[in-house]
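**Student:** Encoded as structure tokens, here's the structure I'll be asking about.
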Amino acid sequence: MSYDATRDRVEHYFDRTATQTWERLTSDAPVSGIRATVRAGRDRMRAVMLGQLPDDLTGCRILDAGCGTGAKAVALAERGAEVVAVDIAPEIIKIAEARCPDHLRRRITFTAGDMMDPAHGSFDHAVAMDSMIYYDDATLVSLLKANERRIRGKFIFTLAPKTPLLMAMFRVGKLFPRADRSPVMVPHNTHKLANDLRIAGVHGRLAEVERVTSGFYISQCLRFGGRP
């Protein structure tokens, strides 16, 4: 499936089907046991990703690609960054704007639209947490190649690792009611993706950072470009 078609499918899910679910999941409100593990896993992954960037980001322009309800954008702005926070779902962006602390509003530009739109400009670093997990290898190679020059430093993002445990959980997840399921993610092998990038002439280095496993949440943090 093409990037545009997958992007539109993700927009439909998050902007129409799952807005309230994600608003609750990313808050402090009580959630079910399964969703609590997902919340804990996402919190851990956010910390891992932020740990890849300097504590002082003053003067840095950072793209939060697929910003969701804005927790990561706020954390980056607290470090002094100027953040362009983009999400495909306008209703999710409304939640992010409402949650943004007043003293950080001037540092964060929330935008509903394509997270990889060249119109957003160039950046010192970029982060994309669980927003690239729906795309196949060929699409990821195209995205990374197209953005290699736009992102001068590190591009920190996550993918679903191709593991027996994840695939088993994914099959179980398909038994849940449709309203409880996100769009289909695509499991990846990091070594294969890195090889595909080399074949495509992409110069940036792809490196594994950390895998987070928390109940039904299994995600691999990767670093592209920049130096370790």
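**Student:** Nearest 20 debye, what's the magnitude of the dipole of the chain about its Cα centre given +1 on Lys and Arg Cβ and -1 on Asp and Glu Cβ?
**Tutor:** Dipole of the chain, to the nearest 20 debye: 480 debye.
**Student:** Tell me the carbon and sulfur percent of the accessible area for the chain, rounded to whole percent, probe radius 1.4 Å.
**Tutor:** So the carbon and sulfur contribution to the accessible surface is 52 percent.
**Student:** Between Met115, Met185, Met45, which gets the highest mean-square fluctuation from a Gaussian network model of the chain, Cα cutoff 10 Å?
**Tutor:** Of Met115, Met185, Met45, the Gaussian network model singles out Met185 as fluctuating most.
**Student:** While we're here: ³J(HN,Hα) across segment 50-62 via Karplus (A = 6.51, B = -1.76, C = 1.60, θ = phi - 60°), whole Hz, x for Gly/Pro?
**Tutor:** Result, rounded to whole Hz: 5, x, 7, 10, x, 5, 9, 10, 4, x, 8, 9, 10.
**Student:** Give me the three principal axis extents of segment 5-94 from the C-alpha atoms, as integers in angstrom, largest value leading.
**Tutor:** Principal-axis extents of the Cα atoms in segment 5-94, largest first: 38, 31, 21 Å.
**Student:** Over the chain, with a Gaussian network built from C-alpha contacts below 10 Å, which listed residue (Ser32, Ser142, Ser214) shows the highest mean-square fluctuation?
**Tutor:** In this elastic network of the chain, the residue with the biggest mean-square fluctuation among Ser32, Ser142, Ser214 is Ser32.
**Student:** Using the Karplus curve 6.51 cos²θ - 1.76 cosθ + 1.60 with θ = phi - 60°, work out ³J(HN,Hα) for each residue of segment 185-201 in order, rounded to whole Hz, and write x for Gly and Pro.
**Tutor:** Couplings: 8, 10, x, 10, 9, 4, 5, 5, 4, 4, 5, 4, 5, 5, 4, 7, x Hz.
**Student:** For the full complex of protein chains and a 1.4 angstrom probe, list Arg149, Arg99, Arg46 by accessible area with the highest value first.
**Tutor:** Details: Arg149 215, Arg99 90, Arg46 50 Å².
Ranked from most to least accessible, the order is Arg149, Arg99, Arg46.
**Student:** Report the relative contact order of the chain, percent, no decimals, based on alpha-carbon pairs under 8 angstrom and at least 6 residues apart.
**Tutor:** 22 percent
**Student:** Next up: For segment 36-139, what is the relative contact order in percent, using Cα pairs closer than 8 Å and at least 6 residues apart in sequence? Let's see the in-between values first.
**Tutor:** On the way: 157 pairs, mean separation 31.6, N = 104.
It rounds to 30 percent for segment 36-139.
**Student:** Counting pairwise Cα distances across segment 1-160, what percent come out greater than 21 angstrom?
**Tutor:** 44 percent
**Student:** Considering lysine pairs in the chain that are 8 or more places apart or on different chains, how many have Cα atoms under 16 Å apart?
**Tutor:** Lysine pairs satisfying the spacing and distance rule in the chain number 5.
**Student:** Another question, if that's okay. Leaving out ligands and nucleic acids, note down the accessible area per residue over segment 48-115 with a 1.4 angstrom probe, in whole Å². Could the numbers behind the result be given before it?
**Tutor:** Details: 2650 Å² over 68 residues.
On a per-residue basis, 39 Å².
**Student:** Moving to a separate point now. Skipping prolines and chain starts, which residues have an amide H placed within reach, meaning under 5 Å, of the one on Tyr134, given they are 5 or more residues away or on another chain?
**Tutor:** Here Val186 satisfy the definition.
**Student:** Same structure again: Could you run the Karplus curve 6.51 cos²θ - 1.76 cosθ + 1.60 with θ = phi - 60° over segment 65-74 and give me ³J(HN,Hα) per residue in whole Hz, x for Gly and Pro?
**Tutor:** Working through the residues one at a time gives 8, x, 6, x, 8, x, 4, 5, 4, 5 Hz.
**Student:** Taking every DSSP beta bridge with both residues inside the chain, roughly what % is antiparallel (nearest 5)?
**Tutor:** Here the share of antiparallel DSSP bridges comes out near 40 percent.
**Student:** Under the definition of Cα pairs under 8 Å and six or more residues apart, what whole-number percent is the relative contact order of segment 1-88?
**Tutor:** This gives 25 percent for segment 1-88.
**Student:** Express in nm, to one decimal, how much length is gained between Thr21 and Arg106 on full extension, taking 0.36 nm for each residue of separation and deducting their alpha carbon distance.
**Tutor:** Stretched fully, the Thr21-Arg106 segment lengthens by 27.8 nm.
The values are calculated or read from the model by the stated rules, or taken from the named source; none is laboratory data. The structure presented is a predicted model; accordingly, all values stated were derived computationally and were not measured. Glycine gets a Cβ as well: all are built from the backbone with ideal geometry, and neighbour counts include every protein chain shown. Quick note on the areas: whole protein, heavy atoms, side chains included, nothing else; ligands and nucleic acids left out. Shrake-Rupley method; radii C 1.70, N 1.55, O 1.52, S 1.80 Å.
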